[in-house]
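Only one structure is covered here, and it is reproduced in the block below.
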Amino acid sequence: MENMINEYADKLPKKILKDLQDYLEKRGKVSESKLRKILDTTVEEYNNARVHPGESVGIISAESIGEPGTQMTLNTFHFAGVMEMNVTLGLPRIIEILDGRKNLQTPSMEIYLKAPYSKGKDIREFALALKETKLSDIALEFSISLVDSEIEVKLDKEKMKSMGITNSHIITSIGKQIKGFNARDNKDSILLKIKSKEEALNEVYKAKEKIKDVHIKGVKEIRQVLPVKRGEEYIIMTSGSNLAEVLQFDGIDPYRTTTNNIDEIREVLGIEAARQAIINEVFKVIENQGFNVDIRHIMLVADTMCVSGEVKGITRYGVVSEKASALARASFETPIKHIINAALIGEMDNLNSVVENVMLNQVVPIGTGMPDLIMKPKNGKGQ
């Protein structure tokens, strides 16, 4: 087998040959005639898939992703029985990714675990330890005393006991996150006295709303957790995302844990990881909708978004704003602004790309429009 595969070393890339060899070895013994047919078919498919010089890969990629996008459903998937556990799917998710948005509609994570949690042992307790608990989650009532300029927080002692939260823990958290208050323990409640006597009444009401969001326990932004079995192991799905903090927990598998927030991935793992996440997320959405798109189109878009070292959306403020051609920038929203700015600084457009040549009704420098006409003079005189 190996000798026959080596015969195709000049026809196929090493990776394709290696993957093919590994696959065939797993399948067992293959006859020479069958192996030859497989290799010849692979060469034919590879040659058909190659990009020809001068091919307009950008336009083809845009069409290949845009056309299925017109048929995608506009829906959000909801996990039954769990509040706030929604996942954006279809066209809204594609737009969210390609716009390079930092604030997602439904941020979520898939948290993979190490043993024993991956086997299901104590997974519920581990999941609850990740879930964010705010003061409003363990409070029964927030009331204001206008006479004493005090805010009283009545606590749900049963819920606090089940979560292992004490009054001193709450007072410490309030002291770290809210300034200008003296907090004291009142057994079933916490009393918050404003330090300054000159505080206006509306400031007291604002402080009351701020106190509700004081972080007490768990990972910030992880609003809901749901342990689920996937294959032979358990994972935790979340509503909300905070990759940096989640990876600090013992028992988390950092190599497989992921988030749908591309910007978080860039901050924590770098631009290459963000590029791969864009490819994975877009491909997953398209595949889930039942469409088949060549992954190279998605890779080209991801490369374009990440080439500067930052994740930039396909918008007038992102990738489009960095185009070298003033006419190309003008073709994508706000044309007058770009033309005036280019005129003010005397910008020159070399007409190297597709858009600007289409605008000026010139031969587009792709495909057959790439080679210049070369004329050989006869007897030193041109014809």
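The values are calculated or read from the model by the stated rules, or taken from the named source; none is laboratory data. Quick caveat, the model's predicted, so the values are computed rather than measured. In this analysis, Cβ positions are derived from the backbone assuming ideal geometry, glycine residues included, and neighbour counts consider all displayed protein chains.
For this structure, a couple of remarks:
- Qualifying residue in segment 213-223 (condition: surrounded by fewer than 14 Cβ atoms within 10 Å (Cβ to Cβ), free of Cβ contacts under 8 Å to residues at least 60 places away in the same chain and not β-branched (Val, Ile, Thr)): no
- Any hit, segment 323-330, residues being surrounded by fewer than 17 Cβ atoms within 10 Å (Cβ to Cβ) and either of a type outside the set (A, V, I, L, M) or at pLDDT 85 or above (or both): no
- Residue match in segment 302-309 (condition: among the charged types (D, E, K, R) and in the same structural domain as ALA274 (by TED's automatic domain parsing)): yes
- Subset of segment 23-39 (residues that are closer than 11 Å to MET4 by Cα and at pLDDT below 85): GLU32
- Cβ separations smaller than 9 Å between residues 6+ apart or across chains give the following pairs from segment 126-150 residues that are under 19 Å from LEU243 (Cβ atoms) to residues that are in a loop (DSSP other than H, G, I, E, B) and β-branched (Val, Ile, Thr): ALA129/VAL219; LEU130/VAL219; LEU130/ILE222; LYS131/VAL219; LYS131/ILE222; GLU132/VAL219; GLU132/ILE222.
- Residue that is out of contact with any Lys or Arg (no Cβ under 7 Å at 6 or more places or on another chain) and modelled with pLDDT of 90 or more, where the choices are VAL246, VAL293: VAL246
- Restricting segment 105-117 to residues that are surrounded by 19 or more Cβ atoms within 10 Å (Cβ to Cβ) and not in a strand (DSSP E or B), the residue that is modelled with the highest pLDDT: PRO107
- Only one entry of ASP156, ASP122, ASP185 meets the criterion of being farther than 27 Å from GLY240 by Cα, of a type in the set (Asp, Glu), surrounded by 12 or more Cβ atoms within 10 Å (Cβ to Cβ) and free of Cβ contacts under 8 Å to residues at least 24 places away in the same chain, and that entry is ASP185.
- Failed item in (1) over 32 Å from the mean Cα position of the chain (by Cα); (2) assigned by TED's automatic domain parsing to the domain that holds VAL293; (3) among the basic types (Lys, Arg), with LYS154 passing the rest: (2)
- Just so you know, in segment 234-266 the residues that are touching a helix residue (DSSP H, G or I) at 6+ places or on another chain (Cβ under 8 Å) and loosely packed, with under 15 Cβ neighbours inside 10 Å include one that is farthest from LYS119 (Cα to Cα), and it is ALA244.
- Some residue of segment 157-165 being acidic (Asp, Glu) and in contact with a His (Cβ under 8 Å, 6 or more places away or on another chain): no
- Verdict on ARG275 being within 27 Å of MET72 (Cα to Cα) and at pLDDT below 85: no
- In segment 12-44, the residue that is nearest to VAL293 (Cα to Cα) out of those that are loosely packed, with under 11 Cβ neighbours inside 10 Å and among the acidic types (Asp, Glu) is GLU44.
- Flag for ASN86 being modelled with pLDDT under 85 and over 20 Å from LYS193 (Cβ atoms): yes
- Residues (in a helix (DSSP H, G or I) and among the small types (Gly, Ala, Ser)) located in segment 297-353: ALA302, SER321, ALA326, ALA328, ALA330, ALA342, ALA343
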